[in-house]
1. What Kirkwood Rh does the range 86-149 have if only Cα atoms enter the pairwise 1/r average? Answer in Å.
2. Which log10 I(q)/I(0) values does the range 1-156 give at q = 0.10 Å⁻¹ under the Debye formula, counting every alpha carbon as one identical point scatterer?
3. Restricted to Cα positions, what overall size does the range 187-307 have along the principal axes? Three whole-Å values, descending.
4. Quote the relative contact order of the range 30-165 in percent (integer), defining contacts as alpha-carbon pairs under 8 Å separated by 6+ residues.
5. Kirkwood Rh and Cα-based Rg: tell me the resulting Rg over Rh for the range 175-242, rounded to two decimals.
6. Which of the peptides 84-94, 66-76 is most tightly packed, and how do the rest follow, judged by the mean count of other Cβ atoms within 10 Å per residue?
7. Tell me, 217, 232 in order of fewest to most beta-carbon neighbours within 10 Å?
8. Can you sort 97, 220 from fewest to most other Cβ atoms within 10 Å of each residue's own Cβ?
Amino acid sequence: MVKYIGSKRALLPWITGVVEQINAIDPLKDAVDLFSGSARVGHALKKMGLFVTANDLHTYALVLAQTLVQANREQYPPERLEPILKRLHRLRGQSGWFTRTYCQESRFIQPHNGAKIEAIREGIEREAAGDETLRAILLTSLMLAADKVDSTTGIQMAYLKRWAPRSFNPLRLEYPPLLPGEGQALQADALEIAPHLQADLFYLDPPYNQHSYLGNYHLWETLMRWDNPQTYGVARKRTEVQERKSPFNSKREAAGAMAKLLSGLRARHLVLSFNNEGFLGLEEIEALLKGWGYVVRLTQPHRRYVGARIGIYNPQGQKVGQVSHTENEEYLFVATHSKKVYHALRSREAGRLAG
């Protein structure tokens, strides 16, 4: 899986444990991951046996969801994909606009890997002609490979002053972690599509604060869209980063957006991820969820992403500002129509606090 500031990698056992507890009391058949991002949670829910619909507005997130949630491993097994990956890997590097923009004008990836990425990216269009799922799987393999040789702290707002040791490694394509079974990947604005979806459980992980996921992962967006966009700034972000804003990234608009979103959901259970760096307060979120009946708040400490722990540096490599804190409080708000689920989760949290 890619490095992702919103990733729930470390929190996944906690989240899936909560869903499993709900499932044990009130069996679930399907779930919606409405802000799927890296698709890590959607992938885990599919692994639990649920039919998962994963949605996100960004193209890189759609590709990840098409691979990790929608694709069926039985139709795209390793023995089918490995020969294609080997052919792509043997391609000779070709340096062009991608290498110039992201390896020379900025320094996210070493030029030798940038040229290899360009050749493979062009090769994918030839290999996957007419098969959108195969295309997504191959693109995911490329994104995962590029992520392992980048030179960032995990977000693409900036790159490291000196090349990261991993950036010297050669790019390697590998078979992504596909799962057997069906799923669905969508690309839409969550506020617009939510009223048209229905499932036993909705998992919500909206943006918490002012940081834009498109700005944080503009390189993956460009790699997936392959559109040679206009860019700006030292990080060579896509110019649309300045224009495409989510209401969840606005302190003034976040509460209204959350209220609108919750009013249109059709499900028996809702699990909402949030943390103490978000625009909305705990009581504010709980008040918005009251219409669902029973609301439980679960809490867990979590280390912040590595860039926040290292600190912030200017282009000259000088440290600016101070690290305010290295740990967050992560929250899961569970809203449910089931009194049994409510009491079970309350007991779970009480046991955690007592322990």
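1. About 11.9 Å, per the Kirkwood formula over Cα pairs.
2. Listed by q, the Debye log ratios stand at -0.42.
3. Extents along the principal axes, in whole Å: 48, 34, 25.
4. 20 percent
5. Working: Rg = 15.9 Å, Rh = 15.3 Å.
On the Cα set of the range 175-242, Rg over Rh gives 1.04.
6. Values: 84-94: 15.5, 66-76: 20.9.
Taking the mean over residues of other Cβ atoms within 10 Å, the ranking is 66-76, 84-94.
7. In order of increasing Cβ crowding within 10 Å: 232, 217.
8. By the 10 Å Cβ count, ascending: 97, 220.
Values quoted throughout were computed directly from the atomic coordinates according to the rules given, and no laboratory measurement underlies them. Only a predicted model underlies this, so the values are computations on that prediction, with no experimental measurement involved. Methodologically, a virtual Cβ is constructed for each residue, glycine included, from the backbone with ideal geometry; neighbour enumeration extends over all protein chains shown.
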